[in-house]
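Please treat every number below as a calculation from the coordinates, not as lab data. Owing to the predicted nature of the structure, the values given are computational and were not obtained by experimental measurement. Note that each Cβ is placed from the backbone with ideal geometry, even for glycine, and that neighbours are counted across all protein chains shown.
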Amino acid sequence: MRALAVLLLLPACTTQPAELAIAAQLPTPLDVLVVVDDTSVAQTGRIPDPANLAGVLEGIYNGAPDLRIAVTTTTTGTLRTSPIVPGGVIEHAVRMEDGLVDKNYSGELVTAVGSLLGFDATTGSNTALASTVLALDNGALVRDDAALGILLVSATDDASADAPGVYAAAIQAHATRTMVSVVDQQPAERIGEFLGAMTLRYETPIDAYNMEAISAFAGMFDPIANDSCFPLAIASAGDCELASAYQMVSNPLPACTGDPSAASSPCFMFVSDASCPSGWSILYGGAYRYYHPAIFGRCSL
């Protein structure tokens, strides 16, 4: 019924129209927990820069992320809150269908992130691993369908009670795919042991801390192919009328007039491909180059 309702908005074809539907291809949601050693990092100026953190995460999926971001410290394990983010979890998702941003905060993403990172150094024990598990056990951050990225910035070694491997197992149990990126002052024996027990990991010395510690989360996912087989055998692009659909509203999807990778707005192009049963691959341009919402249409055969 959904495909029919959308297709009624498209102009009628006159010769043997065949309807089609192409499933949405959207980026995997990513939930990020930032864990900062507030016993000493705050004193050494190694708190993550809000602009770098926000900018890199926002662009990690070619500008179309579905993000959640939360911050905790190594002495508390509680999610930090602010007047801008009272619940402690930033929600930020770009809708591929119309380019709008769904968010639960006011203002810019960098401002929301910065509001969670403004704290002073404190006394106490650096229980980085235990605090990370405690923050995840809160249940407010990690979604069932999301990948989990943990950015741990620590200028001292962990002093949690249990063995590092226990915490690694507990952390990886929270998501189907988990990666930890550690920025630490080496040597850090316990953090090193913890990293060794993580399937996906990245480590950089605190003196060399840069944006790669954040962009490393892009490595959690296999690249999305830019093309796929078109479901119908047609003679040319002119035989098809396509549209992207969002909440039963049809948005016409035109054929690209040039290189899809250089297009500034969503479009499609057919490429002859003998490996496809239909003989055609379909490429997308503009905002749909890597990801696209559900696409419906009809072609004259």
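Close amide H contacts of residue 292 (hydrogens built in the peptide plane, cut-off under 5 Å, sequence separation of 5 or more or a different chain): 25, 26. 3J(HN,Hα) along segment 211-220: 5, 5, 5, 9, 5, 4, 5, 5, x, 6 Hz, from the Karplus curve 6.51 cos²θ - 1.76 cosθ + 1.60 with θ = phi - 60°, whole Hz, x for Gly and Pro. Report summary: the helix-based calculation at 222 nm, which adds -39500 (n - 2.57) for every DSSP H run with n ≥ 4 and divides by the residues of the chain, gives -5000 deg cm²/dmol. Computed over segment 24-157, relative contact order equals 40 percent, with contacts defined as Cα pairs under 8 Å that lie 6+ residues apart.
In order along segment 151-166, the phi-based Karplus estimate (6.51 cos²θ - 1.76 cosθ + 1.60, θ = phi - 60°) of 3J(HN,Hα) comes to 9, 10, 10, 9, 9, 9, 6, 6, 10, 5, 6, 8, 5, x, x, 5 Hz; Gly and Pro are listed as x. Maximal additional length on extending the residue 162-residue 19 stretch stands at 45.6 nm, based on 0.36 nm per residue less the C-alpha distance. Look at 113, 142, 183 and count the other Cβ atoms within 10 Å of each Cβ; fewest to most, that gives 142, 183, 113.
Relative to the longest principal axis of the Cα atoms of the chain, the long axis of helix 50-59 makes an angle of roughly 30 degrees. Counting other Cβ atoms within 10 Å as a rough exposure proxy, the listed residues 220, 211, 198 run 211, 220, 198 from fewest neighbours to most. Beta-bridge orientation, the chain: approximately 55 percent antiparallel, per DSSP, counting only bridges with both partners inside. For residue 151, the residues 5 or more places off, or on other chains, whose built amide H falls under 5 Å of its own are 33, 34, 35, 181. Amide H of residue 177 versus every other amide H placed in the peptide plane: which residues, excluding those fewer than 5 positions away on the same chain, fall under 5 Å? Amide H neighbours of residue 177, under 5 Å, 5+ apart: 148. Sorting 105, 167, 209 by the number of Cβ atoms found within 10 Å of their own Cβ, with the fewest placed first, yields 209, 105, 167.
Taking every C-alpha pair closer than 8 Å and separated by at least 6 residues, the mean separation divided by the residue count of the chain gives a relative contact order of 23 percent. Distance from the Cα centroid of segment 29-60 to that of segment 237-301 is 38 Å (rounded to whole angstrom).
Given a Förster radius of 30 Å and the C-beta distance between residue 108 and residue 212 as r, what FRET efficiency does 1/(1 + (r/R0)^6) yield to the nearest 0.05? E between residue 108 and residue 212, to the nearest 0.05, is 0.80. Taking θ as phi - 60° and the Karplus parameters 6.51, -1.76 and 1.60, the scalar couplings of segment 26-38 work out to 10, x, 5, x, 10, 9, 10, 10, 9, 10, 10, 6, 7 Hz in sequence order, x denoting glycine and proline. Its Cα centre serving as origin, segment 30-220 has a Cβ charge dipole (Lys and Arg +1, Asp and Glu -1) of approximately 120 debye. Take the chain and mark each of the trypsin sites (Lys or Arg not before Pro) that is in a DSSP loop with at most 14 other Cβ atoms within 10 Å; the longest unmarked stretch, sites excluded, is 144-301.
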